[in-house]
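Here the structure comes first, spelled out in C-alpha cells, and everything after it is commentary.
The values are calculated or read from the model by the stated rules, or taken from the named source; none is laboratory data. Values in this document were obtained by computation on a predicted structure and should not be read as measured data. Cβ atoms come from the backbone with ideal geometry, glycine included; neighbour counts cover every protein chain shown. Quick note on the areas: whole protein, heavy atoms, side chains included, nothing else; ligands and nucleic acids left out. Shrake-Rupley method; radii C 1.70, N 1.55, O 1.52, S 1.80 Å.
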Amino acid sequence: IEPAATGDTPGLLPFRNGCLVLDDLHLIPHDPAHGNTWALPYDYDPAAACPGIEALLIDRPGDQAAVAVFRAFCRSLLTRERLKCFLEITGPSNTGKSVLGNLLRALVGEKNTAAGTLQRLEDRAQRFETAKLVGKRLAIFSECQDYSGRLEVLKALTGGDSIGAEIKGG
C-alpha cells in the first residue's frame, strides 16, 4: 500500500529502491534517520527512457515553452519547491488535458493526490473541503472552466499560506 507523502526530508526524494539526493542525483539506501515515511510508487532509474511520454509532451502542449513549464511543474511536485503558482491546463475536448492530469497523478502517486472542484474549494459552506488537501502534493480541479468566483483559497494555497482544515467529527 502506497503511503501518503509525509515526513519529507529536504534534499531527498524517496523512491521504492532508495532516496535520491537532489544535489548530485545519486541514490542512497533508505534509512530511518532520513525521516521519510513514504516513497514514490516506482523505482528510480537514471537510464530510464520514456519515448511515449516524450512524444505526448511534444504533441499535446504544442510548443517547447509549454513543455518546459509542464516539466518545471512536475519537478516542483516531486521536490516540493515553492513556485507560488498553479498549472492550468485548458483547451477543447480530446486535446490531452486528462492524459496530462493522469500523468501528474502517476508521477506523485494516487495517495499524494486530491481531487475536487474550485466551486467546492472556494465555498465557505464546504467546511471540510480543504481537509482532503492536507499532506498532498497534487490537487486536481477538473471541469472548472465555468467557475468565475473568487480564488482566495487557491491563492492562499499556492502562496504557501496556512489554510484552515476542519475534519468531520474532529
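Are any residues in the stretch 144-168 charged (D, E, K, R) and within 16 Å of Phe86 (Cβ to Cβ), and if so, which ones?
Answer for the stretch 144-168, where residues must be charged (D, E, K, R) and within 16 Å of Phe86 (Cβ to Cβ): Arg150, Glu152, Lys155, Asp161.
In the stretch 29-52, how many residues are among the aliphatic types (A, V, I, L, M) and surrounded by 12 or more Cβ atoms within 10 Å (Cβ to Cβ)?
Of the residues in that region, 2 qualify.
Applying the selection to the stretch 105-128, what residues are farther than 19 Å from Gly149 by Cβ, assigned to a helix (DSSP H, G or I) and out of contact with any Asp or Glu (no Cβ under 6 Å at 6 or more places or on another chain)?
The answer is Arg105, Ala106, Leu107, Val108, Glu110, Asn112.
Filter the stretch 32-60 down to the residues that are touching a residue at least 12 places away in the same chain (Cβ under 8 Å) and assigned to a loop (DSSP other than H, G, I, E, B) and list them by number.
Residues satisfying the conditions are Gly35, Asn36, Thr37, Trp38, Ala39, Leu40, Pro41, Tyr42, Asp43, Tyr44, Pro46, Arg60.
Under the condition of being part of a loop (DSSP other than H, G, I, E, B) and in contact (Cβ under 8 Å) with a residue 24 or more places away in the chain, which residue from the stretch 62-82 is least open to solvent (accessible area, probe 1.4 Å)?
That would be Arg80.
Pull up the stretch 1-21, narrow it to residues that are open to solvent by 40 Å² or more (accessible area, probe 1.4 Å) and at pLDDT 90 or above, then point me to the one that is farthest from Ala139 (Cα to Cα).
Ranking the qualifying residues of the stretch 1-21, first place goes to Asn17.
Counting only residues that are crowded, with 16+ Cβ neighbours inside 10 Å, in contact with a strand residue (DSSP E or B) (Cβ under 7 Å, 6 or more places away or on another chain) and among the small types (Gly, Ala, Ser), which one in the stretch 96-134 is nearest to Val67 (Cα to Cα)?
Out of the qualifying residues, it is Gly101.
What number of residues within the stretch 93-148 are over 17 Å from Ser76 (Cα atoms) and either free of Cβ contacts under 8 Å to residues at least 24 places away in the same chain or of a type in the set (S, T, N, Q) (or both)?
19
Of all residues in the stretch 83-104, which are over 11 Å from the mean Cα position of the chain (by Cα), assigned to a loop (DSSP other than H, G, I, E, B) and either under 22 Å from Leu13 (Cα atoms) or among the aliphatic types (A, V, I, L, M) (or both)?
The answer is Leu83, Lys84, Cys85, Ile89.
Could you tell me which numbered condition Thr113 fails, if it satisfies all but one of (1) more than 11 Å from the chain's Cα centre (by Cα); (2) among the hydroxyl-bearing types (Ser, Thr, Tyr); (3) at pLDDT 90 or above?
Just one mismatch for Thr113, condition (1).
Output the residue which, of all residues in the stretch 135-168 that are hydrophobic (A, V, I, L, M, F, W, C) and in a helix (DSSP H, G or I), is surrounded by the fewest Cβ atoms within 10 Å (Cβ to Cβ).
So, considering only residues that are hydrophobic (A, V, I, L, M, F, W, C) and in a helix (DSSP H, G or I), the one surrounded by the fewest Cβ atoms within 10 Å (Cβ to Cβ) is Ala156.
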